1. When DSSP assigns beta bridges and you keep just the ones with both residues in region 15-115, what percent turn out antiparallel, to the nearest 5?
2. Pull up all non-local amide H partners of TYR38: gap of 5 or more, or a different chain, and H-to-H distance under 5 Å with H placed in the peptide plane.
3. Please work out the Cα center distance from region 13-38 to region 72-97, rounded to the nearest Å.
4. Which cross-chain or sequence-distant (5 or more) residues have an amide H under 5 Å from the amide H of ALA90, H modelled 1.01 Å from N in plane?
5. Round to the nearest 0.05 the FRET efficiency obtained for SER22 and THR111 when R0 = 30 Å and r is the Cβ-Cβ distance.
6. Label ASP68 and VAL93 with points 7 Å out from Cα along Cα→Cβ: what is the distance between them in nm?
Amino acid sequence: PFDMDLPAKSAKAAIVVTIDGSTFIGNGTANSWGPTAYGYGPVTFSIDNSTVTNWDYGVVFYDFGGFDVTGSGANNDLSGHLTYGAYSNAPPVVDLTGNDWGDPSGPFHATRNPTGLGSAVSDMIDFVPWIGRTTSVLAAGATPGGAFYWEGDPAVGVDGDNAPGWDPGAFQAPNAYT
């Protein structure tokens with residue numbers, strides 16, 4: 001895929017990149033990009049069960065040469081970005097459904113979710129349904145710092161789901177929720 005002698009617009013080797021269970025924390029500066037798929041050849045990029053936070057652009061799908069950059073990702077924390085939690089500049093649409101954008105109202109998108117208070121998404125990103133952050137409440141009889149917290153009502157988010165890794169209406173170990 002890195003043959004510099006090939007003309008820029010010619011097809012390069014196809015590449016598949018899979019990220020699972022990783023953490024990418026930026027330094028919060030302008031023009032910084034988190035995990036990024038870009039190229040002149042067909043690229044397939046997926047990111048699941050990961051945290052990507054504090055970048056200018058969180059997860060990026062960038063097509064330089066007119067070839068498909070396809071992507072997907074679920075159960076990620078994509079919160080706390082300056083410009084975009086997820087950005088794509090070309091078709092096909094990237095499937096980023098089932099992610100936490102940092103607010104129960106979901107990611108901000110000027111036309112598809114203008115009231116979203118989470119990290120913004122560009123066009124070409126499918127983000128519905130998303131995972132909303134819920135407020136953990138103590139189970140009856142539990143004490144702060146005790147063995148278990150109850151994760152349950154009120155459920156928030158478009159799909160009434162919960163934060164990554166949590167089962168709605170179940171006992172959870174403390175400090176497991178970020």
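Each value in this text was obtained by applying a stated rule to the coordinates, not by laboratory testing. Since this is a predicted model, take the numbers as computed values, not measurements. Glycine gets a Cβ as well: all are built from the backbone with ideal geometry, and neighbour counts include every protein chain shown.
1. Working: 1 of 28 bridges.
Bridges in region 15-115 that DSSP calls antiparallel: roughly 5 percent.
2. Result for TYR38 returns TYR62.
3. 11 Å
4. Here ASP63 satisfy the definition.
5. Details: r = 31 Å, r/R0 = 1.05.
The computed FRET efficiency comes out at 0.45.
6. Simple spin-label model gives 1.6 nm for this pair.
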